[in-house]
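Take a look at the structure below.
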Amino acid sequence: MSDANHTILIVEDEPALREGLRDALESEGYEVLDAPDGVKGLHLGLTTDPDLIILDLMLPGLDGFGVLRRLRADAVETPVLILTARGLETDKVKGLELGADDYLVKPFGLAELLARVASRLRAWDRERGRAPRERLRLGPVTVDFAARTVRRTMKEQTGPARAEAPQERRRDGDVCGLTQQEVALLRFLLAHEGRAVSRADLLAGVWSNGEAPASRVIDNAVFNLRRKIESDPAAPRHLVSVRGVGYRFSR
Ligand code: CA
């Protein structure tokens, strides 16, 4: 499953920053690995083949420069985004010379970090000839069309529901699969986003090459899709029924 997503390794010794980065990146649908020091970071960098490494320079033991040097010496080409302390211009230059691809000066905004990460990953995918991932984010749910998966982040749940189900609390990153038909249905509705699509159009567009199914088949498919992508399938926000017509997709 994990090869369907981008995996990002965070090497950062400050727990609050490390957790904050993890949460932000996971919310974007990335797989996240993290390490609190350079030795563990290097080990993960050498053994797990992440798509991007976010590397703090000031680390206990083996520092970020040491990690970067060893990675490049071992021919690990993974893009590296270094985190440097404000005012340490020489660190930035040294990092880039050692083979870092980008840098951010602390403190930085999460929006900027996420933009840099996304752009670096796109470049890396192009370089490796990978197709960019086709994703759809709906609140806590991320649909990956190519992998045919739906990932749900559970921790956005708050309040009593969360307190009643402590075993669910850290099950962020739950994944379920989509059938080919469900992917086709979702794509079709997405292509007509915001507009009501009739059952006849859905039959023609999604079930075009089989025997003509009853419209019940559409309703069943929508029912199943709702259970996978809606927060409350009984009160759908994205796959909305349009009386007398069919369905409408909205974000
Ligand atoms: Ca640090």
Just checking, how many residues over region 59-84 are touching a residue at least 24 places away in the same chain (Cβ under 8 Å) and either under 27 Å from the mean Cα position of the chain (by Cα) or more than 14 Å from the ligand (Cβ to nearest atom) (or both)?
-> 17
Please give the number of the condition residue 87 fails out of (1) open to solvent by 50 Å² or more (accessible area, probe 1.4 Å); (2) under 23 Å from residue 151 (Cβ atoms); (3) within 16 Å of the ligand (Cβ to nearest atom).
-> (2)
In region 9-24, what residues are more than 19 Å from residue 95 (Cα to Cα) and either in contact with a His (Cβ under 9 Å, 6 or more places away or on another chain) or of a type in the set (D, E, K, R) (or both)?
-> 14, 18, 19, 22, 23
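Return the total of residues in region 10-41 being within 15 Å of the ligand (Cβ to nearest atom) and either farther than 17 Å from residue 114 by Cβ or not in a helix (DSSP H, G or I) (or both).
15
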For residues in region 162-208 being open to solvent by 60 Å² or more (accessible area, probe 1.4 Å), modelled with pLDDT under 80 and not in a helix (DSSP H, G or I), which is nearest to residue 151 (Cα to Cα)?
-> 171
Would a scan of region 110-127 turn up a residue that is modelled with pLDDT under 90, assigned to a helix (DSSP H, G or I) and of a type in the set (Phe, Trp, Tyr)?
-> yes
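The values are calculated or read from the model by the stated rules, or taken from the named source; none is laboratory data. None of these values were measured; they are calculated from a predicted model. Ideal geometry is used to build each Cβ from the backbone, glycine not excepted, and the neighbour counts take in all protein chains shown. Calculation scope for accessible area: heavy atoms of the full protein, side chains included, ligands and nucleic acids excluded. Shrake-Rupley method; radii C 1.70, N 1.55, O 1.52, S 1.80 Å.
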